[in-house]
Amino acid sequence: GLPAALPALPLELTVLYNSLLFTAGASDSAIKGEADGIRQGLLRVLEVCGACGQDLGTEELWQKVLQEVTVEELQAPLHRLGALQAAWWLAAGRLGSVAGLFQLLSTAEDPGGTRCGEGQNELLSLIKAWQVPAEGASLPLAQSAEDLKEILCTAAAFLQGLQELEAGNFPTALSLLQEAAGGFCSKKVLAQIYTCLSCCTQQMGKPQTALQHLKRALQVDFQCLPALSHAAAVYHELGETDAELQALTLLYEALGKTPPGGVSSSPYFLIRTELLVHTPVLTSLLRHRQPSEVKYLLAQRCLQDGRVADAVEHYLDFLALLQDGLQQQVPLDGSSALSRIPEVFLEAASALEQAGRHQDAITMCEEVIIRTTDLIPRVLQVEERLEQPEYPSPGAELTGGLLSQKKERLCCLAWRAAGYLHQGWAWAKLGEGKEAVTQFSRCLSDLLRVQLHGSGIEPTETLQPEVEVLQKIRLLSLIGRGAQFLELGRHKEALLDFQHSLQVSPGDPAAASYLVQALWKLNRKQEAAAQWQKFSQSSPGGDGQQQGQGRPLPLYLVSCLEQAMFPHSETLARSIQDYLGTAAQDTSS
């Protein structure tokens with residue numbers, strides 16, 4: 001409350017500088033908001049000089065002070081306070097304000113101004129050109145202005161690198177992040193910068209360079225777990241499954257030992273780089289995976305790579321985590337690498353089937369069927385085209401909500417139908433043909449609930465993926481039931497199923513081959529030979545199981561697709577070729 005006095009003002013500004021440093025450093029969390037103490041200090045400076053600036057914003061206040069206050073004793077403390085102001089603005093992402101402030105500081109020292117060289121970053125050039133004021137002997141500084149300048153340079157390079165990375169300007173991002181990596185920061189931040197460099201080089205199509213950056217990150221800070229997560233992703237891109245699984249295993253073990261965020265910051269500086277850099281893109285790049293999420297990734301990758309025994313172990317471990325009450329680790333909205341929980345159960349059932357544990361697979365699918373039964377209406381209508389009004393109406397949000405509800409119901413229907421499909425194949429493997437037919441029939445009965453309405457053929461684009469999955473399940477179920485009918489000697493019923501399969505997916509090689517076999521077993525050999533020749537010419541040796549579909553098949557259906565493949569192609573082809581040869585000889589004679 002005392003009036004400002006010029007002799008005491010340098011000391012007052014230095015005390016303010018130190019107190020703000022301690023306030024920021026003691027919290028050990030990101031700097032947020034405005035530094036009100038700085039504004040009050042600037043107003044005290046203007047008061048001494050007989051000026052006023054109460055109505056000015058902070059940027060205008062700095063401009064007025066630096067342009068009008070020429071007292072030599074105030075220059076050093078004002079410059080130090082300016083560097084501290086820059087730290088607050090950097091933390092708020094106000095890079096333009098920081099550049100303007102350092103332009104003013106440089107102009108105050110050198111009226112000729114500071115020019116940015118061609119190809120140089122303007123903000124970094126301005127900070128580097130700033131001449132740090134000499135420290136006076138009156139009062140020690142809690143953190144030297146020289147150290148603060150180095151940290152500002154590092155934070156400015158890091159922040160701009162992240163901005164360019166988010167914008168897709170990868171060469172510029174790479175240059176800025178490399179600048180930050182050579183700056184003044186703790187080991188924790190350096191590891192984060194290397195991790196961001198790896199993301200940048202991976203986006204530039206340089207996965208090996210990305211791996212080198214990730215190795216450096218882990219060498220600098222072995223607790224930088226996001227680096228392990230990114231390494232697994234790079235190995236996945238390179239197709240190096242062994243290395244990917246090793247990285248995921250190490251990540252899972254590390255998560256069990258060290259909680260995220262357990263690494264302490266550098267204790268040597270009150271203002272640190274980590275207090276100034278906290279953008280959403282950095283949070284996203286350094287996101288810590290949950291142990292359950294990593295366990296699921298291990299299970300999924302093993303299943304995709306055909307490591308069935310390992311996949312079964314990981315899936316069962318993951319399901320045990322759910323049973324132990326760790327559901328809160330599992331985002332159920334599809335926002336993480338985890339699939340929806342019913343899909344995880346179906347993938348586990350697929351792994352159990354492939355491991356020969358058919359009864360366990362049946363039990364796993366029964367869980368999905370029971371839990372989805374009450375969520376599916378008796379009839380589910382899918383409009384093929386939704387009219388989009390020229391102007392949004394008050395009911396637009398309601399329409400979106402109904403569409404989302406319909407999408408969810410289609411997903412539930414697909415999961416339950418897939419449960420019956422897996423049970424059908426499992427019973428078939430157990431030699432229980434009649435039970436297999438029952439499950440395939442339940443699957444097909446479920447799919448009759450969906451009714452397409454409209455004048456075209458394609459459903460609305462929003463629901464297209466779900467409808468395609470349902471069509472694929474229908475195809476696989478028809479083939480599965482038809483194959484069991486053949487095993488049971490019910491050849492006419494098998495023929496009908498294979499004919500319907502080709503209506504669902506014209507030209508499907510498995511359905512076509514089974515159709516030929518059904519005709520052959522019905523002693524309609526001439527017709528079988530004609531169909532065989534027709535399909536052989538239309539799809540010569542191609543795998544048409546997913547022909548015409550741009551979207552990948554859900555992982556839980558891949559094993560069903562493999563089981564639906566026709567197993568007797570060579571034998572059937574030889575029989576038909578012998579038949580055609582004999583028929584040709586009979587005709588010529």
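What to note about this one:
- Number of the condition not met by residue 513 [criteria: (1) modelled with pLDDT of 90 or more; (2) crowded, with 17+ Cβ neighbours inside 10 Å; (3) out of contact with any Ser or Thr (no Cβ under 8 Å at 6 or more places or on another chain)]: (3)
- Residue within the range 322-334 that is open to solvent by 30 Å² or more (accessible area, probe 1.4 Å), at pLDDT 95 or above and in contact with an Asp or Glu (Cβ under 9 Å, 6 or more places away or on another chain) present: no
- When the range 192-246 is filtered for residues that are farther than 21 Å from residue 281 by Cα, touching an Asp or Glu at 6+ places or on another chain (Cβ under 9 Å) and among the aliphatic types (A, V, I, L, M), the ones remaining, listed by number, are 238, 245.
- Any chance residue 420 is modelled with pLDDT under 95 and among the aromatic types (Phe, Trp, Tyr): no
- The set of residues from the range 136-174 being open to solvent by less than 30 Å² (accessible area, probe 1.4 Å) and in a loop (DSSP other than H, G, I, E, B) comprises 143, 144.
- Where residue 195 falls short, out of the listed (1) open to solvent by 50 Å² or more (accessible area, probe 1.4 Å); (2) more than 21 Å from residue 89 (Cα to Cα): (1)
- The residue that is surrounded by the most Cβ atoms within 10 Å (Cβ to Cβ), among those in the range 121-135 that are in a helix (DSSP H, G or I) and within 40 Å of the chain's Cα centre (by Cα), is 127.
- Considering only residues in the range 66-83 that are open to solvent by 70 Å² or more (accessible area, probe 1.4 Å) and assigned to a helix (DSSP H, G or I), the one that is nearest to residue 97 (Cα to Cα) turns out to be 67.
- Condition check for residue 76: among the small types (Gly, Ala, Ser), touching a helix residue (DSSP H, G or I) at 6+ places or on another chain (Cβ under 8 Å), at pLDDT 95 or above and over 23 Å from residue 34 (Cβ atoms): no
- Between 526, 499, the distinction of being polar (S, T, N, Q), within 19 Å of residue 575 (Cβ to Cβ) and either surrounded by fewer than 17 Cβ atoms within 10 Å (Cβ to Cβ) or free of Cβ contacts under 8 Å to residues at least 40 places away in the same chain (or both) belongs to 526 only.
- Here residue 352 fulfils each of the conditions (1) surrounded by fewer than 19 Cβ atoms within 10 Å (Cβ to Cβ); (2) assigned to a helix (DSSP H, G or I) apart from (1).
- Per-region count, the range 44-65, residues open to solvent by 20 Å² or more (accessible area, probe 1.4 Å), of a type outside the set (S, T, N, Q) and either in a helix (DSSP H, G or I) or within 22 Å of residue 134 (Cα to Cα) (or both): 6
The values are calculated or read from the model by the stated rules, or taken from the named source; none is laboratory data. What you see is a predicted model, and the numbers here were worked out from it, not measured in a lab. Here Cβ is always computed from backbone atoms with ideal geometry, including for glycine, and neighbour counts include all displayed protein chains. Remember, those area values only see protein heavy atoms, side chains included, never the ligands or the DNA or RNA. Shrake-Rupley method; radii C 1.70, N 1.55, O 1.52, S 1.80 Å.
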